Amino acid sequence: MPLFAYKGIHILSGQQLRKLSEHKYSCSSSSLLDPLLQPWWNWLVAQTPLWLAPNLITIVGLVLNIVTTLILICYSPNGMEPPPRWTCFLCALGLFIYQSLDSIDGKQARRTNTSSPLGELFDHGCDSISTVFVALSACISCQLGHYPNWLFFQCFCAIALFYCAHWQTYVSGTMRFGRVDVTEAQFSIMAIHLISAALGPEIWLTKIGIGNIELWYGLSIATTVCGLFSLTYVFSIVVAGGVGKNGSTVAGTSVLSPSIPLTLVVLPALIIAQKSPQNIFTEHASVYILAFGMVAAKITNKLVIAHMTKSEMEYLDWSLLGPSLLFLNQYFNCIVPEIWLLWFTLIWGTQDLLRYCSQVCLEICQHLHIDLFRIPYTPKGSAAHPATASVSSQSNFGGNADKNGGTTHRKSKSKPPH
């Protein structure tokens with residue numbers, strides 16, 4: 001982690017770290033699939049060694065998810081060429097592994113008595129990155145590159161909905177999951193990949209019914225309807241007012257303030273894609289989505305931190321440098337090839353996200369006296385070392401509420417339907 005962290009710079013203030021230590025995770029859920037999957041998750045965590053750190057479980061799942069998606073992207077970078085069927089199956093497998101590991105990391109934290117606010121933050125951070133890759137992989141598997149406007153809408157809809165889920169949490173103080181939510185969305189995307197693997201990605205371009213209606217229309221309509229329901233629910237909470245003073249957020253700020261960073265990402269992305277004289281989005285869809293997705297992941301992480309530390313969220317961020325350069329370049333008639341700036345946006349945004357997350361994790365670990373990817377492990381039957389017991393008690397600040405019964409647990413799923 002120190003490899004990416006800032007040197008001599010602190011992101012979190014002493015007051016933010018104290019607030020983080022006092023943070024209590026709160027959520028409510030009525031998911032349809034979660035109760036059915038509990039036996040699988042319970043069996044899986046029972047096979048997990050006690051020395052395996054919960055955050056290590058999370059990051060392994062994320063890496064597998066990213067790698068399988070990148071393989072798919074290599075074969076169809078703009079979503080037009082049908083990728084090999086095995087790459088679609090690989091994406092389904094990668095997502096299933098990520099979903100399973102993401103569901104047991106909190107159970108592992110509870111087993112090892114290492115629940116902490118860092119676990120919740122790390123979980124949400126990984127989810128913010130995974131959302132980008134999962135949404136893009138689903139669009140490629142459906143061959144939506146032939147319809148770039150729909151590809152743009154589906155990917156940015158997923159990114160925005162994930163952000164909005166944390167927006168309402170920042171306002172209400174409670175993460176809420178509906179009957180059809182993150183788990184249902186993940187398994188729906190697994191089904192899309194499996195259908196593409198079994199019948200070929202071209203199946204989604206098959207014309208059905210009357211006129212030129214293609215099979216993928218049904219998926220787009222379903223995700224649009226689910227997205228509208230989610231947004232309606234989020235904004236009903238925002239409009240109703242927050243838990244802070246005079247209906248403000250948990251930090252005492254305006255309930256509308258989180259809309260500014262989101263607008264600064266989505267609006268430029270839309271304008272740049274539509275106004276590009278070099279058709280930068282159509283020709284380089286995957287790079288474009290990943291570039292802006294890393295920027296969105298950064299501002300989402302800042303929103304999560306603002307909620308957990310009950311602090312005001314900063315509107316401007318260095319990750320917006322790339323989108324700003326792309327926008328200005330178009331204003332001056334593209335004096336620099338857009339593809340150069342797009343790659344710069346991706347590279348800059350990725351390193352900025354990694355450095356930011358590394359520094360935040362480092363500061364929290366130092367404050368709570370815990371390790372990110374290692375936990376103290378005492379063999380069964382031996383007495384715990386006093387230092388180990390001290391670390392365990394310190395790392396259990398703000399243990400997260402389990403969605404099943406309210407027991408201490410670091411697991412939290414936060415992606416709304418794509």
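Of note:
- SER115 being at pLDDT 95 or above and either out of contact with any Asp or Glu (no Cβ under 7 Å at 6 or more places or on another chain) or open to solvent by less than 10 Å² (accessible area, probe 1.4 Å) (or both): no
- Remark: GLY241 matches the filter, which requires a residue to be more than 27 Å from ARG355 (Cβ to Cβ), open to solvent by less than 70 Å² (accessible area, probe 1.4 Å) and either in contact with a helix residue (DSSP H, G or I) (Cβ under 7 Å, 6 or more places away or on another chain) or β-branched (Val, Ile, Thr) (or both).
- Verdict on PRO35 being farther than 30 Å from VAL180 by Cβ and of a type outside the set (A, V, I, L, M): no
- Of the set (1) closer than 28 Å to ILE271 by Cβ; (2) open to solvent by 20 Å² or more (accessible area, probe 1.4 Å); (3) of a type outside the set (Lys, Arg), all apply to ILE159 but (2).
- Residue within segment 186-197 that is open to solvent by less than 70 Å² (accessible area, probe 1.4 Å), over 21 Å from the mean Cα position of the chain (by Cα), small (Gly, Ala, Ser) and at pLDDT 90 or above present: yes
- Condition check for ALA135: touching a helix residue (DSSP H, G or I) at 6+ places or on another chain (Cβ under 7 Å) and closer than 26 Å to MET313 by Cβ: yes
- Residues of segment 28-51 that turn out to be more than 20 Å from the chain's Cα centre (by Cα) and crowded, with 18+ Cβ neighbours inside 10 Å, as a count: 2
- Across segment 6-15, not a single residue is classified as in contact with a strand residue (DSSP E or B) (Cβ under 8 Å, 6 or more places away or on another chain) and modelled with pLDDT under 90.
- In the set (1) open to solvent by less than 20 Å² (accessible area, probe 1.4 Å); (2) over 30 Å from LEU362 (Cβ atoms), the condition left unmet by SER130 is number (2).
- Top-ranked residue of segment 171-185 - restricted to ones that are assigned to a loop (DSSP other than H, G, I, E, B), more than 24 Å from GLU314 (Cα to Cα) and not basic (Lys, Arg), ranked as most open to solvent (accessible area, probe 1.4 Å): VAL180
- Selection from segment 212-230 of residues that are under 18 Å from GLN168 (Cβ atoms), at pLDDT below 85 and aliphatic (A, V, I, L, M): none
- Checked against (1) out of contact with any helix residue (DSSP H, G or I) (no Cβ under 6 Å at 6 or more places or on another chain); (2) assigned to a helix (DSSP H, G or I); (3) not hydrophobic (A, V, I, L, M, F, W, C), GLN168 passes all but condition (1).
- Residue list for segment 92-132, restricted to those being of a type outside the set (Val, Ile, Thr), in a helix (DSSP H, G or I) and more than 21 Å from ALA297 (Cα to Cα): ALA92, LEU93, PHE96, SER100, GLY106, LYS107, GLN108, ALA109, ARG110, ARG111
- Of all residues in segment 260-311 being without any contact (Cβ under 8 Å) to a residue 40 or more places away in the chain and part of a helix (DSSP H, G or I), the one that is farthest from ALA160 (Cα to Cα): GLN274
- Residues (over 11 Å from SER172 (Cα atoms) and either assigned to a loop (DSSP other than H, G, I, E, B) or modelled with pLDDT of 90 or more (or both)) located in segment 245-259: GLY252, THR253, SER254, LEU256, SER257, PRO258, SER259
- Of all the residues in segment 15-60, those that are polar (S, T, N, Q) and assigned to a strand (DSSP E or B) number 2.
- Segment 143-156, subset open to solvent by less than 20 Å² (accessible area, probe 1.4 Å) and of a type outside the set (S, T, N, Q), residue farthest from ALA222 (Cα to Cα): GLY145
- When restricted to residues that are touching a residue at least 60 places away in the same chain (Cβ under 8 Å), more than 14 Å from SER137 (Cα to Cα) and assigned to a helix (DSSP H, G or I), segment 186-203 contains 2.
- Some residue of segment 205-214 being within 26 Å of PRO82 (Cβ to Cβ), of a type in the set (D, E, K, R), in contact with a Ser or Thr (Cβ under 9 Å, 6 or more places away or on another chain) and open to solvent by 10 Å² or more (accessible area, probe 1.4 Å): yes
The values are calculated or read from the model by the stated rules, or taken from the named source; none is laboratory data. On a predicted model such as this, the values are computed, not experimentally measured, just so you know. Please note: Cβ atoms are built from the backbone with ideal geometry, for glycine as well, and neighbour counts cover all protein chains shown. For accessibility, only protein heavy atoms count, side chains too; no ligands or nucleic acids. Shrake-Rupley method; radii C 1.70, N 1.55, O 1.52, S 1.80 Å.
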